[in-house]
Structures are given as C-alpha cells and as structure tokens.
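Bear in mind that the values in this text are calculations on the coordinates, not laboratory data. Remember, predicted model here, so these are calculated numbers, not experimental data. Note: ideal-geometry Cβ built from the backbone for every residue, glycine included; neighbour counts use all protein chains shown.
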Amino acid sequence: MQSFDYHRASTLADATHHAGTAQALAGGQSLLPAMKLGLAAPDALVDVGGLAELQGITRTGDAIVIGAGVTHAAVAASEVVRGAIPALADLAGMIGDRQVRHRGTLGGSLANNDPAACYPAAVLALNATVHTTRRTIAADDFFVGVYTTALEPGELITRVSFPVPQADGWQKFKQPASRFALVGVFVARHASGGRVAVTGGGNGVFRCAPLEAALSARWAAAACEGVAVPADDLSSDLHASAEYRAAMIPVLAGRAVGG
C-alpha cells in the first residue's frame, strides 16, 4: 500500500472541502481492501466515518430516510426499518460478516457500486432517492456501470430516502466464501406496479423488465414461474454460468415474493 495523506473531517462542510482532492473514507470495507491489493491508490483520504450529519434513521411521511454513514448492522437492527421495509433490514443483516456489517456503511456501499453488492438492488427496486452534498439523484439515474455511479468528483452521499412499498422481499444466492451475491433479487410492489432489481448477475445492478411486468399483473410467487430472463448480458465465471444465473433470477424473485 502506498503512502497517502489522511484527514479526519469534523463536519460535513469540512469533508466537502477536502473531497475535491481526497478520496472519501467511511467504513473502509470496500476502499481499504482495494488499496491493499493495489487496485486503488488515492493520494489522500478524508475520513467521514464519524460525522453526526451522516447518521440517523427516521420515517418522514411515506419514506424511510437513512444517513449515508449508518452501518449495515444498524439498518438490520432498526425497528423503524423492520416495521416499514422488512426486506431492507434482512438484506443489511446478510451483508458480509459481523465485522463488515459493523463497519461498512450504506453510503460507502452505494458509492463503490460493486456489481455484486446488495444495497444497490434495494435502492433500485424501492425507487429510492440518493441525496448528496449537491443534489438529489433518482435510483434509475444513479448506477452507471461497474464501480461507477452518477457521483461527480468531490460529491458525497449524505442520505438515502426509501419510499415505503406495499410489499417487499429479498433473496440472495451467495458465494459462500465472499458472501457476495452470485445472484440477488429485490422485489417491491408500489402503487404504480412492481419493481425488480437484480445484483450479481452481470456488469452491475439492473431492473428486470419481464419480472416487473409479471408481478405488476399479479403479485404472487406463481407469477414468476416460467418468466424467461435473457442470459445475453449476464456474466459467466467459475462459480456460475450466465444461463444458470438467468434461470436463478425468476426462482429467487418468486421466493422473495412468497417469503
């Protein structure tokens, strides 16, 4: 790991000031391993992990608002989240191991946008809004590609607003060593219809139109049976082929609806 400058931000304004020239560090569960492997080599880090402005879980109207600095463990344990979006709490409780859940943060996971990360599926299926130090970004516009988001240099996530759905569910078929999703499917029923987001299947999180159409017509596990998901854009590796992942997506969606 190369040498780097380190600054611990005292306020969000302080963090924003340094973010233009430094890489933001929250829980460090994505960034630090990448630095150790030489996959990331920032010249400077600004630590935002202790900022009170990035904490908090509240219900505001018909939405659950979660600060970017809230850990996975805190989301999993939150009665506010469990009462309104239980699948989101379940998702957070299955991320990594205990160390990762107690150090990793919502904002850090979204900013990193690993193609097999869990939170992006929840954000996309729940039609969440990502709030930053500069603007608000709709979920459909936030995830751009592998490890890439709509965030601009120096822009920090401050909180995420999750609309409370009529129903929700999450299923993950995980790689047993890394605990990342070989395939993960988050389903949510809204007044406008169903939304289905898939992670771990390809080059990043994506919405699954065939399953959304099926579940918008009938919100039932049986509606997912026989839905064909194209394997063309899915990934193949030593763990699973693209065809296997395509076959798993409707199965997991059905379990998420039924569960």
So for R0 = 45 Å, FRET eff. of His7-Ala228 from the Cβ-Cβ r, to 0.05, ends up at 0.30
The answer for trypsin sites (Lys or Arg not before Pro) in region 17-126 that fall in a DSSP coil and have at most 16 neighbouring Cβ atoms within 10 Å is none
Simple spin-label estimate for Ala44/Glu79, 7 Å along Cα→Cβ, in nm, reads 4.4 nm
Mean-square fluctuation maximum in Gaussian network of the chain, Cα pairs under 10 Å, restricted to Leu31, Leu91, Leu124, hits Leu31
Fewest to most Cβ atoms within 10 Å: Asp97, Asp233 sort as Asp97, Asp233
Relative contact order of the chain (C-alpha contacts under 8 Å, at least 6 apart) in percent is 15 percent
extent check for the chain: Cα max minus min per principal axis, descending, whole Å, gives 54, 45, 30
Looks like region 103-250, by Cα gyration tensor root eigenvalues a ≥ b ≥ c and the a/c under 1.5 rounded cutoff (else prolate when a/b is bigger than b/c, oblate otherwise), is oblate
With N residues in region 167-258, Rg(alpha-carbon) / (2.2 N^0.38 Å) equals 1.01
Quick calc, region 167-258, dipole around Cα centre from Cβ unit charges on Lys, Arg (+) and Asp, Glu (-), nearest 20 debye, gives 340 debye
With only helices counted (DSSP H, runs n ≥ 4, each -39500 (n - 2.57)), the per-residue ellipticity at 222 nm for the chain, to the nearest 500, works out to -8500 deg cm²/dmol
Within region 235-258, the residues whose backbone N lies under 13 Å from a label point placed 7 Å from the Cα of Ala220 along the Cα-to-Cβ direction are 258
Two pseudo-spin positions, 7 Å from Cα along C-beta at Gln99 and at Ala150, lie apart in nanometres by 3.6 nm
A correct fewest-to-most ranking of Glu79, Glu212 by other Cβ atoms within 10 Å would be Glu79, Glu212
